[in-house]
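Below is one structure, written out as structure tokens; the observations come after it.
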Amino acid sequence: MAQGTQARTSITVTVDGTEYTDDVEPRLLLVQYLRDVLGKTGTLIGCDTTNCGACTVHVDGRSVKSCTMFAVQADGAEVTTIEGLSRDGELHPMQEAFHECHALQCGYCTPGMIMQSIDLLSEHPDPDEHTVRNGLEGNLCRCTGYQNIVKAVQTAAKNSGGVV
Amino acid sequence: MTVTQIGAPLARKEDQRLITGRSRYTDNMVLPGMLHLAMVRSPFAHAKIEAIDASEAKSAPGVIAVLTGNDVADSQGSLPNAWPITPDQQAPAHPAIAVDRVSFTGEIVACVVARSAAAARDASELIDVDYDDLEPVLDIEQAAADDVLAHPDLGTNRSATWVFDSAEAGTGGAIDQSLADSDVVVERAYHQQRLIPAFMEPRSTVVDPTGEQLTIWTSTQVPHILKLMLCMTLGLPESKVRVVAPDVGGGFGGKLQVTPEEVICILAARQTGKPCKFTETRSESLLAAHHGRAQVQKLRIGASRDGTVTGLDVRLLADMGAYLGLVTSGVPILGAFMFNGIYKFDAYRFECTNVFTNRAWTDAYRGAGRPEATYAIERIMDDLADELGMDPIDLRRKNWIAHEEFPYSTVSSLEYDTGNYEAATDKALELFGYDELRAEQQRRRSNNDQVQLGIGVSTFTEMCGLAPSRVLGSLDYGAGGWEHAQVRVLPTGNVEVVTGVSPHGQGHETTFSQIVADRLGVSFDNVEILHGDTQVSQKGLDTYGSRSLTVGGMAIVAAADKVIEKAKTVAAHMLEADRDDIEFDSGNFGVQGTDKSVTLAEISLSVFAAHDLPDGFEPSLDSDATFDPENFSFPHGTHLAAMEVDTVTGESRLRKYVCVDDVGNVINPLLVDGQVHGGLAQGIAQALFEEAVYDETGNLVTGSFVDYLVPSAADLPSFTTGRTETPSTTNALGVKGVGEAGTIASTPAIVNGVLDAIRQFGVSDIDMPCSPYRVWSTLNEARTAGAQTGVAQ
């Protein structure tokens, strides 16, 4: 049982291509809905002050920190999580780039980092190092020192010709 | 002859599940009937618990039970400290749930067990605790003075005093004489601020009491040690307990612990008979997961006028916090052997007093004692250079152990096996553009530029590859430092390796696969590395202290070599040859001088069937090995930082960072660079951004990522990482370990760089972190106090 005892309300959300209808407490965070109600544990929780970005997903095509949004706010929206990225068993170019460039160690920041990096490229298809670093300011990593993450984002930009 | 995997920058086996969201962090676990825990934590740093009223909480919706200290006083035992550094070490009892008093803000006083995490949290706010608050002691030096006691019943804040004296040890002279005879003595006091490891995955524990065994999934870097400690603390039979570390999101020493939360989870599960889960919030993690560093350091260094160092005297006060955690007391001692660094001293004395304060307890954090030591020696070498008017590199060159002097017995009783400080330094200087940057520095000085340039140096070595068991015994640590491995060849030729180390991001599956592929001549993809579950890996001493490759890797090599020996016996039988004529090369066992051969897979199938094996041969190739290192390993390196300091705003910017590190033979350069990058980020963060700050009532002010400044990508530049490779001679792989090196080296490089930019204004010292405010006020004070004619002329 994921939730407490607030009176619930019904929401319908499309997540990674599948439509779900559930009754949720108004205070339930989107990240809790994804993890605890839908069992989509690929999206992670790393803090409680919206600093770390581990919970980053796409809502209607833009990156959002899912810990800073209520599930009820996602009613009617399309959400993409790390689990919805690969198509037909093929890794997304950003996932591939993270792997090639050793842009992850413990993996905890990785789903959020990948989701935000994709959003970054949608705005800046060919970013320089400075743009990448600023664009990832909201995603904390404790393992990699960020250098290989920057490399991965620029590699993905090159490999996908700017279209992600 | 297949191409060796050693030295190949292979991408990691670990990645696929982590980049696709198929990770298995502990909080994912859901079990039938599982209950959730919420902790009630003390808002006071020091208080008596007069009463707890949990009645409203107990009857709140979804609540199954509430545990208070009184409820578990007889069953919870005392959380263990495995390192009594002296026979008279003083320590208070360490309850998981406080019984009649609390000793730091965040200490657990009650636990709610409920049907959902939300219900548990809601009910936890209904618990009424009546505290009688007491005066806390919150300053290391005040604690040492014993006026206000952190634990009144203990009678003192001083836990233990530990001394190393080279004259007594026979490794050098007497310090007082050495300093008295020196032309120059520089005396300094440095401050190692309190830090928070801040791994990205908050700690989480799930306990299932419903099976025949008690199963504990937990976000730990020490599943084997944890299992043993929990059994000893709670009186559980070892053969009935299983600890599993699933995917673990970072540790850095911060998950090297036996935590109150783990103990409470077990107690709750046993009481309710149901699986129980606890996952902390980030705020709880910063508040109550153990902190790092926190020392006051007083040093005296002696030298002759020409710069030759003579003696080094170190006196530390180390802040234990409110309790002794698993290795809290030993962390400063690990650093005791490293204050002399890479230099040749005649005399050395080290004295450390561990003291209690009413704050979260400290324990291992990346480097554990060695960053503190390296910081102090590299700072004082720069201060000495300044005093003597010498270039800081020249001073180091004059005093470091020359390449041809290895192996070298140091004044602190260690034997460094190999090193090449000259090569690392020359390479670093070249990559850095040292001469050009010094010229730019001079230009900016002459022009009175608002932004000045400083060059920071750090030439370090460290002791890792924990550890030779006998040495740990001589230091009174409770366990040894060996590591265990088993290598199995399956009937179809797959290879399984069971290791007792416990990765949490380091890429061991990949590195070990490379080693085994190379050793057994099988493909990299054919090797499966099993770890982290005490049911699968029955024996081990886990991961910390940069030991996994140096000690764990060697155990794997030893086990693999046993497999080859067994296989040779079978091969000789299968090929009807003399065992002495069997040659093993790249997975093939051949007969010398013929083209007869048989593969490891064919041998394995034959052994499985056991239809025709040599007389007396046990039908198994599977082999164990336990490896106990003979010595520590000693990676080293030269780090150079170019710091730009704005002399008006105090802002400093790391413009360029170059390091050349020697970690011995490199198995996977991609992973080594990754460890260096990550280590640098944490070391630089100590210098520029992070500090765990308590206010005057003992509340943690830096209680979230808003205020505790873990750097983001925007706060750091890219680093230039170079390498030299001087193989270690104390293990057959020639490796030295790299996990902590970047962190150990970088902090003094940054601070030395900041000082180098602003010494000209009369600044001789600065505390960490070198925030803009701190730099600005340090400059201001120096300018005011100086009353000099002009500035930077």
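Going by what's in this entry, would A:H99 be described as within 12 Å of another protein chain (Cβ to nearest Cβ), at negative phi and free of Cβ contacts under 8 Å to residues at least 40 places away in the same chain? Step through it out loud before you land on a result.
Working: within 12 Å of another protein chain (Cβ to nearest Cβ): yes; at negative phi: yes; free of Cβ contacts under 8 Å to residues at least 40 places away in the same chain: yes.
Yes; evaluated as a whole, the condition is true for this residue.
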Unmet requirement for B:D71, which otherwise passes all of (1) away from chain A (no Cβ under 14 Å); (2) within 30 Å of A:E25 (Cα to Cα); (3) over 33 Å from the mean Cα position of the chain (by Cα): (2)
Members of segment B:8-40 that are more than 7 Å from chain A (Cβ to nearest Cβ), charged (D, E, K, R) and in a helix (DSSP H, G or I): B:R17, B:D27
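Given the options B:Q76, B:Q5, name the one that is in contact (Cβ under 8 Å) with a residue 24 or more places away in the chain, away from chain A (no Cβ under 14 Å), polar (S, T, N, Q) and touching a Phe, Trp or Tyr at 6+ places or on another chain (Cβ under 7 Å).
Values: B:Q76 fails: touching a Phe, Trp or Tyr at 6+ places or on another chain (Cβ under 7 Å).
Criteria check complete, one pass: B:Q5.
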Evaluation of A:A54 against (1) in contact (Cβ under 8 Å) with a residue 60 or more places away in the chain; (2) under 13 Å from the mean Cα position of the chain (by Cα); (3) more than 7 Å from chain B (Cβ to nearest Cβ); (4) closer than 30 Å to B:Y708 by Cβ (one fails), failing number: (3)
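Against the condition in contact (Cβ under 8 Å) with a residue 60 or more places away in the chain and in a helix (DSSP H, G or I), how does B:A123 come out, does it pass?
On the way: in contact (Cβ under 8 Å) with a residue 60 or more places away in the chain: yes; in a helix (DSSP H, G or I): yes.
Yes; evaluated as a whole, the condition is true for this residue.
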Residue that is farthest from the other protein chains (Cβ to nearest Cβ) [pool: residues in segment B:698-728 that are β-branched (V, I, T) and not in a loop (DSSP other than H, G, I, E, B)]: B:T724
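Only one residue in B:V137, B:V163 is within 32 Å of the chain's Cα centre (by Cα), surrounded by fewer than 19 Cβ atoms within 10 Å (Cβ to Cβ) and farther than 30 Å from B:Q271 by Cβ. Which one? Steps first, please.
Values: B:V137 fails: surrounded by fewer than 19 Cβ atoms within 10 Å (Cβ to Cβ).
After applying the criteria, what remains is B:V163.
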Neighbours by Cβ (under 6 Å, 6+ apart or cross-chain): first from segment A:78-90, in contact (Cβ under 8 Å) with a residue 12 or more places away in the chain and more than 7 Å from chain B (Cβ to nearest Cβ); second surrounded by 15 or more Cβ atoms within 10 Å (Cβ to Cβ) and assigned to a loop (DSSP other than H, G, I, E, B): A:G84/A:D16; A:L85/A:H92
Residue satisfying condition, being within 23 Å of B:I684 (Cβ to Cβ), in contact (Cβ under 8 Å) with a residue 60 or more places away in the chain and among the polar types (S, T, N, Q), within set A:N148, A:N134, A:N139: A:N139
Any hit, segment A:97-105, residues being touching a Gly at 6+ places or on another chain (Cβ under 7 Å) and more than 30 Å from A:Q6 (Cβ to Cβ): yes
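Out of the helices (runs of 4 or more DSSP H) lying entirely within segment B:412-495, which hold 2 or more residues that are surrounded by 15 or more Cβ atoms within 10 Å (Cβ to Cβ) and among the aliphatic types (A, V, I, L, M)?
B:421-432, B:469-474
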Conditions (1) buried (at least 19 other Cβ atoms within 10 Å of the Cβ); (2) within 30 Å of B:R655 (Cβ to Cβ); (3) at the interface with chain B (Cβ under 8 Å from one of its Cβ atoms); (4) over 12 Å from the mean Cα position of the chain (by Cα): number failed by A:I114: (4)
Residue in segment B:593-600 that is hydrophobic (A, V, I, L, M, F, W, C), assigned to a helix (DSSP H, G or I), in contact with a strand residue (DSSP E or B) (Cβ under 7 Å, 6 or more places away or on another chain) and buried (at least 16 other Cβ atoms within 10 Å of the Cβ) present: yes
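Tell me the residue from A:C52, A:C67 that is closer than 23 Å to A:L38 by Cβ, in contact with a Phe, Trp or Tyr (Cβ under 9 Å, 6 or more places away or on another chain) and not charged (D, E, K, R), please.
Details: A:C67 fails: in contact with a Phe, Trp or Tyr (Cβ under 9 Å, 6 or more places away or on another chain).
Testing whether each residue is closer than 23 Å to A:L38 by Cβ, in contact with a Phe, Trp or Tyr (Cβ under 9 Å, 6 or more places away or on another chain) and not charged (D, E, K, R) leaves just A:C52.
Could you say which residue among B:V66, B:V112, B:V129 is in a strand (DSSP E or B) and within 14 Å of chain A (Cβ to nearest Cβ)? Show your work before the answer.
Working: B:V66 fails: within 14 Å of chain A (Cβ to nearest Cβ); B:V129 fails: within 14 Å of chain A (Cβ to nearest Cβ).
Step by step, each of B:V66, B:V112, B:V129 is checked, and only B:V112 is in a strand (DSSP E or B) and within 14 Å of chain A (Cβ to nearest Cβ).
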Per-region count, segment B:204-228, residues assigned to a loop (DSSP other than H, G, I, E, B), within 12 Å of chain A (Cβ to nearest Cβ) and either closer than 28 Å to B:P32 by Cβ or of a type in the set (D, E) (or both): 1
The one condition in (1) over 25 Å from B:P152 (Cβ atoms); (2) surrounded by fewer than 16 Cβ atoms within 10 Å (Cβ to Cβ); (3) touching a residue at least 24 places away in the same chain (Cβ under 8 Å) that B:K48 fails to fulfil: (1)
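Only the coordinates and a few stated rules stand behind these numbers; no lab work does. Values in this document were obtained by computation on a predicted structure and should not be read as measured data. Cβ coordinates were reconstructed from backbone atoms using ideal geometry, including for glycine residues, and neighbour counts include every protein chain displayed.
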